[in-house]
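The values are calculated or read from the model by the stated rules, or taken from the named source; none is laboratory data. Treat the numbers as computed from the prediction; the structure is a model and nothing was measured. Neighbour counts run over all protein chains shown; Cβ positions are idealised from the backbone, glycine included. When the accessible area is computed, the model is the full protein with side chains, heavy atoms only, and any ligands, DNA or RNA have been set aside. Shrake-Rupley method; radii C 1.70, N 1.55, O 1.52, S 1.80 Å.
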Amino acid sequence: CSVHKRFTVDQIDKARAEYPGVRVIVHPECPMPVVNAADEAGSTAYIRRAIPAATEPAVFAVGTEINMVNRLAAEFPQHTIFCLDPVVCPCSTMYRIHPGYLAWVLEAYAGTAALPGGQILNRITVPESVAVPARVALGRMLAAKP
């Protein structure tokens with residue numbers, strides 16, 4: 001994701017200078033130097049669990065999509081939560097995932113008056129030379145334990 005490539009070690013250093021004791025959490029799609037410099041790296045689900053698990057008010061610098069960071073900041077006002085990159089652009093597709101689109105896809109698979117059953121939407125195909133190693137990588141990710 002292009003959004004995650006915008007985060008830098010300099011941003012982490014700045015957050016640490018401005019907020020001593022800040023907890024830096026980044027998405028693992030960030031560049032490896034950023035992941036290594038952060039306190040924690042984890043998936044979207046990991047970030048969504050880590051912030052509410054903080055028992056005392058805390059300061060979080062988060063390296064992921066800005067809309068998620070803003071939602072977390074609104075949901076947990078006892079914490080100071082901000083995005084590592086103050087001018088990061090929102091992901092052009094992530095924020096469009098919502099129940100309406102999910103319902104549209106499910107209706108297409110199930111079939112409705114508007115959509116015949118079994119319709120496949122947004123099929124993605126890749127050459128077998130890409131699919132084989134991708135299956136290996138996906139299998140390893142799914143087998144990984146935290």
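Quick one: would you say residue 42 is at pLDDT below 95 and touching a Leu at 6+ places or on another chain (Cβ under 8 Å)? Talk me through it step by step, then tell me what you get.
Details: at pLDDT below 95: yes; touching a Leu at 6+ places or on another chain (Cβ under 8 Å): no.
No, not satisfied.
Name the single residue, out of those in segment 1-46 being in a helix (DSSP H, G or I) and within 10 Å of the chain's Cα centre (by Cα), that is surrounded by the most Cβ atoms within 10 Å (Cβ to Cβ). Explain how you work it out, then say what you get.
First pass over segment 1-46, keeping only residues in a helix (DSSP H, G or I): 4-6, 9-18, 32-37, 44-46.
When the remaining residues are screened for being within 10 Å of the chain's Cα centre (by Cα), the result is 4, 44-46.
Details: 4: 20, 44: 12, 45: 8, 46: 14.
Here the answer is 4.
Select from segment 47-71 the residues that are within 12 Å of the chain's Cα centre (by Cα), aliphatic (A, V, I, L, M) and assigned to a helix (DSSP H, G or I) and list them in ascending order.
Step one: filter segment 47-71 for residues within 12 Å of the chain's Cα centre (by Cα), giving 47-48, 62-69.
Next cut, aliphatic (A, V, I, L, M) only: 47, 62, 66, 68-69.
Once the filter is applied, which keeps residues that are within 12 Å of the chain's Cα centre (by Cα), aliphatic (A, V, I, L, M) and assigned to a helix (DSSP H, G or I), segment 47-71 yields 47, 66, 68, 69.
Residue 10 - would you say it is over 29 Å from residue 145 (Cβ atoms), of a type in the set (Asp, Glu), out of contact with any His (no Cβ under 7 Å at 6 or more places or on another chain) and in contact (Cβ under 8 Å) with a residue 40 or more places away in the chain? Before you say what the answer is, go through the steps one by one.
Details: over 29 Å from residue 145 (Cβ atoms): yes; of a type in the set (Asp, Glu): yes; out of contact with any His (no Cβ under 7 Å at 6 or more places or on another chain): yes; in contact (Cβ under 8 Å) with a residue 40 or more places away in the chain: no.
Answer is no for this residue.
Residue check: is residue 64 closer than 23 Å to residue 142 by Cα, out of contact with any Phe, Trp or Tyr (no Cβ under 6 Å at 6 or more places or on another chain), open to solvent by less than 80 Å² (accessible area, probe 1.4 Å) and in contact (Cβ under 8 Å) with a residue 40 or more places away in the chain?
Numbers: closer than 23 Å to residue 142 by Cα: yes; out of contact with any Phe, Trp or Tyr (no Cβ under 6 Å at 6 or more places or on another chain): yes; open to solvent by less than 80 Å² (accessible area, probe 1.4 Å): yes; in contact (Cβ under 8 Å) with a residue 40 or more places away in the chain: yes.
When the stated conditions are applied, residue 64 passes them.
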